[in-house]
Amino acid sequence: MAIDSRATKSADNTFAMAQYQFDQAADRLQLDTNLREILRTCERELTVHFPVKMSDGSIRVFEGYRVQHNIARGPAKGGIRYHPAVTLDEVRALAMWMTWKCAVVGIPFGGAKGGVVCEPKKLSTAELENLTRRYATEISVLIGPDRDIPAPDVNTNAQVMAWIMDTYSMAAGHSVPAVVTGKPLSIGGSEGRAEATSRGCLTVIRETAKRQGTALPGQTAVVQGFGNVGAPLATFLHELGVKVIAVSDSSGAIFNPRGIDIPRLSRYKSETGSVARFMGTDPLGQAELLELPCDWLIPAALENQITRANAPRVRARVVVEGANGPTTPEADAILTERGILVIPDILANAGGVTVSYFEWVQDLQSFFWDEDEINAKLDKLMTRAFSAVSAIADRHDIDLRTAAHMLAIDRVAEATRTRGIYP
Ligand code: GLU
């Protein structure tokens, strides 16, 4: 048996970054010291090591995590990511951001996140299924439809959710669809869930354009990441007449100043597995992509992409965080100083968990809504959250990230105060 070696990050600073953002807002709110201590730490952290039978007959041990940051407002909620660089520190940050995200849009969930250190692209489908089922079993001490509900995140999808749902249901002896969201429609998934994060991003882009008095058709966008969030969002923008001039995924970046044919690119990606070398585009460095002049820069991949090093060279008008944590606090300060508006992750990408909430409600009631109804409800919640956050930012003359955190922390703090400290 070999222990799966973990690619180390240069520094585990993601949770420190989440705590820094929390502190900024807590200071503004003059949050009570006790509440501050409770809310800036994660409530439950589980690390698991588990064996997986590989296709060649060998057995490999993988490391995984499930962290619940806070459950004051409802069951823990948040995705599971498969990535070679996943760390406990990162999962803590992602869990904390889920708490704030759910509170920003006002859905009754706390925050959680999970991750497995692995390279999913190098695993066969059977290995991925074995890994998923065993990981689901290991974290079954935490998850459940009224306790903690996973969903897709980086490198996981509806199929992975189906395996988790089935594994959990086998142990329960009956189907438990509400244990995960982002499932296939055939087993209790929701219409509109797959594109929900992107649709939510689109709502905040539309509302921002409205506030700025600009029209979207003819504007330009750059999208980093062509996965769960980036791909549908690029399609929606293209349909609205926005020129998507550059796109990247983990294998490369492409550029066409006249705008990329996104529907054809989507087909190309599903055939070849990447966006690299797409006809009619020029190759571009991953770093260069973030520095292109554009109206909308949409990091929709991983954390720590816009940093102190490249923020002075970002030439977008607005940064819309489709990913979680793509902008470091130092970069935030630089962008704000330079007059670049940042729509923060906990607002911009909250559409995914919002439709996850709709899916969970539908599963619990066994009563399903049509896509128009889902999209309309999503749009309403995102628009409401956008105006609530903008109002706080205007009132205090602060950036949208601090404003979104203030709104969220205030809601979670209120729930904690009202419930009181047990025992
Ligand atoms: N992984 C997504 C996120 O970061 C969705 C989480 C969910 O639906 O629970 O927001």
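The values are calculated or read from the model by the stated rules, or taken from the named source; none is laboratory data. What you see is a predicted model, and the numbers here were worked out from it, not measured in a lab. Heads up, the Cβs are rebuilt from the backbone with ideal geometry, glycines too, and the neighbour counts pull from every protein chain shown. Side chains included, ligands, DNA and RNA excluded: accessible areas come from the protein's heavy atoms. Shrake-Rupley method; radii C 1.70, N 1.55, O 1.52, S 1.80 Å.
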ask   = Residue check, Pro152 against (1) without any contact (Cβ under 8 Å) to a residue 40 or more places away in the chain; (2) within 14 Å of the ligand (Cβ to nearest atom), all met but one. Which one?
value = (1)
note = Picked from the stretch 31-81 (must be more than 16 Å from the ligand (Cβ to nearest atom) and among the basic types (Lys, Arg)), the residue farthest from Thr402 (Cα to Cα) is Lys53
inquiry  = Show me the helices (runs of 4 or more DSSP H) found entirely inside the stretch 337-423 where at least 1 residues are under 15 Å from Met98 (Cα atoms), within 16 Å of the ligand (Cβ to nearest atom) and β-branched (Val, Ile, Thr).
reply    = 345-348, 351-365
query = Could we say that Arg317 is more than 21 Å from Arg199 (Cβ to Cβ), open to solvent by 10 Å² or more (accessible area, probe 1.4 Å), among the charged types (D, E, K, R) and in contact with a strand residue (DSSP E or B) (Cβ under 6 Å, 6 or more places away or on another chain) here?
reply = yes
request  = Among the strands (runs of 3 or more DSSP E) lying completely within the stretch 278-330, list those that include at least 1 residues that are touching a residue at least 60 places away in the same chain (Cβ under 8 Å) and over 21 Å from the mean Cα position of the chain (by Cα).
outcome  = 294-299, 316-320
key: Count - residues of the stretch 141-177 that are in a helix (DSSP H, G or I) and crowded, with 23+ Cβ neighbours inside 10 Å   = 5
key: Members of the stretch 90-109 found to be outside any helix (DSSP H, G or I) and either more than 11 Å from the ligand (Cβ to nearest atom) or of a type in the set (Ser, Thr, Tyr) (or both), listed by number   = Gly106, Pro108
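Please work out if Val353 is crowded, with 24+ Cβ neighbours inside 10 Å, of a type outside the set (S, T, N, Q) and touching a strand residue (DSSP E or B) at 6+ places or on another chain (Cβ under 8 Å).
Values: crowded, with 24+ Cβ neighbours inside 10 Å: yes; of a type outside the set (S, T, N, Q): yes; touching a strand residue (DSSP E or B) at 6+ places or on another chain (Cβ under 8 Å): yes.
Yes: the conditions hold for Val353.
Per-residue answers, yes or no, for (1) within 16 Å of the ligand (Cβ to nearest atom); (2) touching a Phe, Trp or Tyr at 6+ places or on another chain (Cβ under 8 Å):
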position	(1), (2)
Gly111	yes, yes
Gly115	yes, yes
Thr125	no, no
Asn130	no, no
Pro184	yes, no
Thr197	yes, no
Gly200	yes, no
